[in-house]
Structures are given as C-alpha cells and as structure tokens.
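A.B. asks: Mind looking over this structure? Questions follow.
The values are calculated or read from the model by the stated rules, or taken from the named source; none is laboratory data. Because the structure is a prediction, the values reported are computed rather than measured. Note that each Cβ is placed from the backbone with ideal geometry, even for glycine, and that neighbours are counted across all protein chains shown. Heavy atoms of the whole protein, side chains included, go into the accessibility calculation; ligands, DNA and RNA do not. Shrake-Rupley method; radii C 1.70, N 1.55, O 1.52, S 1.80 Å.
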Amino acid sequence: MFVLVEMTDTVRIPPWQFERKLNDAIAEELNKKLANKVVYSVGLCICLYDITKLEDSYIFPGDGASHTKVHFRYVVFHPFLDEILVGKIKACSQEGVHVSLGFFDDIVIPPESLQQPTKFDEAEQVWVWEYETDEGAHDLYMDIGEEIRFRIVDETFVDTSPTGPSSADASTSTSEEVQKESPYRLTMLDQEAFWYNIWHLPAVSEPQHHTGSNS
C-alpha cells in the first residue's frame, strides 16, 4: 500500500531560514510542497522518509534565497494492482459505493462489481444486496460507516495542472468540471474480492447464520 519513491527536486530556502540546519529547513520545505499532494503517475505523497544527497547550494542574482538540488525518498500511497485493502463506506450513489481509507477517499466500487443481485435504494440512498439463504431473500444494506474489503484492479491519474486560456468557445462550466476532477482514483472491478467483514467472516465456520441483520 505504501512505497518509497526516489525523487529529485531543487529546494528554495529563504534567507530567514539560514540560521537553521540545512537538512531541517529542506525537509520542512519538501513536506510543505509534497505532503498530501498527488504526483502524477506516482501516487499520494504522505511524508518525507529521508534525504539521500544534497548538492551544492546557489544564490542567484536578485534572489537572496539559496537553491539546493536535493535527492530524497518519499513515502507514497500507491497500492499495487490486485492488493486487498480495508476501508469504510463513505457514501453511495448511482455511480457505485464510495470508500474511504481515512486519509484517501477517491475509491469507487461500480455497481457491476458489487455482490449480485444488488439494487440501489433511492429513498435511503444506499446499495442493497439481496442475499439469498435457505430461509429466503434478505436485504443487506451497505450502510455508511460499514467496514469493507476490496481489491484494487484499476487506477486512474488525471493531470489537473492549470492550463492556459483556451478558445473563445470554452465555457466557464467546463473549467469548473476539470478542477473538480480527482487527480488520483482507485477502482475495484472484481466482485469476488468484495465483501463485508460482518457478513462473510462468520461464514467460514457458521454459514447457517447468514440471515442478515439489517433491513
């Protein structure tokens, strides 16, 4: 789920930070720049792990700050494909079940990947699994806050960097839609990897208890 990524960047340290140790000042600037940010095709940056190399620092004319090329390793959230994660249901919509890991919310399970047969309850705004047992069908509601396991089989990176003005025909609404798009999104597409702990874990030893508790 978490990986160490080697990165290189040139860090600017303002003059009022010169009294600090260079490593400390650089570490703070790197975390300000990267922490909780998505780097395209890399993942969600969490925190600095270590600094592996500092090159020479330079002060350019007209700028009293120092500029240092830094080689470092950063902790990044980037689950590998087919990895099984545990999260909590954040919301349900026609688009599917939206899952949160607490620090990352852009995970969606589309309707075709839910346990079948499944229907969307418009009144409650939740997905309902129509679970079949020997005693008949039971509606198991996928309530907000329920713990859920899922397998990642797809990821989407979107370049949300600002762009220059386009043609005169471009509308403001189009620009707003681009800004709202998530830069990094995970999708679960394999229904066999999706289940509720509360429903399925007891099934190994006590399958007769699958009667459902929600209605």
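A.B. asks: Would you rank CYS92, CYS47 by solvent-accessible area, highest first, keeping every protein chain in place and using a 1.4 Å probe? Don't jump to the answer; show the numbers that get you there.
C.D. replies: Numbers: CYS92 15, CYS47 55 Å².
Ranked from most to least accessible, the order is CYS47, CYS92.
A.B. asks: Work out the FRET efficiency for GLU147 and SER182 from their Cβ-Cβ distance, taking R0 = 25 Å, and round it to the nearest 0.05.
C.D. replies: Once rounded, the FRET efficiency stands at 0.65.
A.B. asks: How do the peptides 53-66, 95-108, 113-126 rank, highest first, by the average count of neighbouring beta carbon atoms within 10 Å per residue?
C.D. replies: 95-108, 113-126, 53-66
A.B. asks: How much length is gained on full extension from ARG20 to THR8, taking 0.36 nm per residue of separation minus their Cα-Cα distance? Show your work: numbers first, answer last.
C.D. replies: Values: separation 12, 0.36 × 12 = 4.32 nm, distance 2.16 nm.
Answer, rounded to one decimal: 2.2 nm.
A.B. asks: Okay, moving on. Note down the nm distance, to one decimal, between modelled labels 7 Å out along Cα→Cβ at VAL86 and at TYR40.
C.D. replies: Each label point lies 7 Å from its Cα, and together they span 3.7 nm.
A.B. asks: Next up: Which residues in segment 45-73 have a backbone N closer than 16 Å to a point placed 7 Å from the Cα of GLU155 along the Cα-to-Cβ line?
C.D. replies: Flagged as within label range: 45-47.
A.B. asks: Within segment 1-24, find all residues whose amide N lies under 17 Å from a label point positioned 7 Å from the Cα of ASP56 along Cα-to-beta-carbon.
C.D. replies: Inside the label zone: 10-11.
A.B. asks: Between segment 81-95 and segment 1-16, what's the alpha-carbon centroid distance in Å?
C.D. replies: 31
A.B. asks: Follow-up. At q = 0.10, 0.14, 0.16, 0.23 Å⁻¹, what log₁₀ I(q)/I(0) does segment 16-108 have when each alpha carbon counts as one equal point scatterer in the Debye sum?
C.D. replies: -0.43, -0.68, -0.79, -1.23
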